[in-house]
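First up is the structure itself, then whatever we jot down about it.
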Amino acid sequence: MRRRFYLITISLVLLPIIVIAQEPETLIDSDVRHGGFGAPVFGITSINGEVAYLRGTRGAWVINFEDTHTINLGLAGYRTATNFEPVNWSVDGVDEPEMRTNYGGFEIEYVNQSDRLYHWSVQALIGSGTVRYSGRDIELDNRSDSYFVMQPGVNMNLNITRWFRLSGGLAYRFTSGVNLEGTSNSDLSGLTSFFALRFGKF
């Protein structure tokens, strides 16, 4: 009787320890590291057949799977730093105005082997933008318009320190829904080259 009592007592003591020691099954593996980064972005693009400079910012949540595969989920926004002129302007009695555009949205990026000194990544932005007249006194019913934008791209990244990385790449901006006088979807679509300074925990 006493022996059975000791066995039951020992079992009750050891059972919670065994349960705690076992690794629970989870949707995301425990070896996954989490971080984040922010980045000022500088770029050159083509809008309405003219060269335009871009400025922007990115912010992302970093999900790192053992330095082999990394997913960055975040937001980004870009705007033209220079004015440009519409190429299809046809409003009688109104001088051809200057225009600006900005766009942004949700951005996802896949990074391959982020622990390597040099590594590549692919990304895509889905969101919206606005295009508007600026810089002159004009009398028009519609001075701005919004549009849908999708921008896939590819990057090469260089690890400078554990918390600082350089990134450069190419992207193509696809737009739709542009109905503003003097411009069109094809005028606002174009190839863009980017350079970014990434600061954060990777």
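The values are calculated or read from the model by the stated rules, or taken from the named source; none is laboratory data. Please read all numbers here as calculations on a predicted model, not as lab measurements. Note that we place each Cβ from the backbone using ideal geometry, even for glycine, and neighbour counts take in every protein chain shown.
Odds and ends about this structure:
Residue by residue, here is whether (1) at pLDDT below 85; (2) outside any loop (DSSP other than H, G, I, E, B); (3) surrounded by 14 or more Cβ atoms within 10 Å (Cβ to Cβ) holds:
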| site | (1), (2), (3) |
| --- | --- |
| Phe37 | no, yes, yes |
| Pro40 | no, yes, no |
| Arg58 | no, yes, yes |
| Asn64 | no, yes, yes |
| Gly74 | no, yes, yes |
| Arg79 | no, yes, yes |
| Asp92 | yes, no, no |
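- Residue within segment 126-135 that is over 18 Å from Ile63 (Cβ atoms) and among the hydrophobic types (A, V, I, L, M, F, W, C) present: yes
- Within segment 156-179, restricting attention to residues that are in a strand (DSSP E or B) and among the hydroxyl-bearing types (Ser, Thr, Tyr), the residue that is nearest to Gly36 (Cα to Cα) is Ser167.
- Inter-residue pairs, beta-carbon under 9 Å, first touching a residue at least 12 places away in the same chain (Cβ under 8 Å) and in segment 40-55, second surrounded by 14 or more Cβ atoms within 10 Å (Cβ to Cβ) and acidic (Asp, Glu), 6+ apart: Ile47/Asp187; Asn48/Glu85; Asn48/Asp187; Gly49/Asp187; Glu50/Glu85
- Close pairs from segment 147-159: first more than 14 Å from Phe106 (Cα to Cα), partner surrounded by fewer than 16 Cβ atoms within 10 Å (Cβ to Cβ) and not hydrophobic (A, V, I, L, M, F, W, C), Cβ under 7 Å, at least 6 apart: Tyr147/Ser128; Tyr147/Ser176; Tyr147/Gly177; Asn155/Gly168; Met156/Tyr118; Met156/Gly168; Leu158/Tyr118
- Checked against the criterion of being over 21 Å from Gly35 (Cα atoms) and at pLDDT 95 or above, the candidates Gly153, Gly182 yield just one match: Gly153.
- Matching residues, segment 109-134, being surrounded by fewer than 21 Cβ atoms within 10 Å (Cβ to Cβ) and closer than 13 Å to Asn155 by Cβ: Tyr110, Asn112, Ser114, Tyr118, His119, Trp120, Ser121, Val122, Ala124
Let's see how each residue does on (1) within 20 Å of the chain's Cα centre (by Cα); (2) among the aliphatic types (A, V, I, L, M); (3) on the phi > 0 side of the Ramachandran plot:
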| position | (1), (2), (3) |
| --- | --- |
| Ser144 | no, no, no |
| Val149 | yes, yes, no |
| Met156 | yes, yes, no |
| Val178 | no, yes, no |
| Thr183 | no, no, no |
| Ser193 | yes, no, no |
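- Extreme residue, farthest from Gly104 (Cα to Cα), among residues of segment 46-56 that are part of a strand (DSSP E or B) and in contact with a Pro (Cβ under 8 Å, 6 or more places away or on another chain): Arg55
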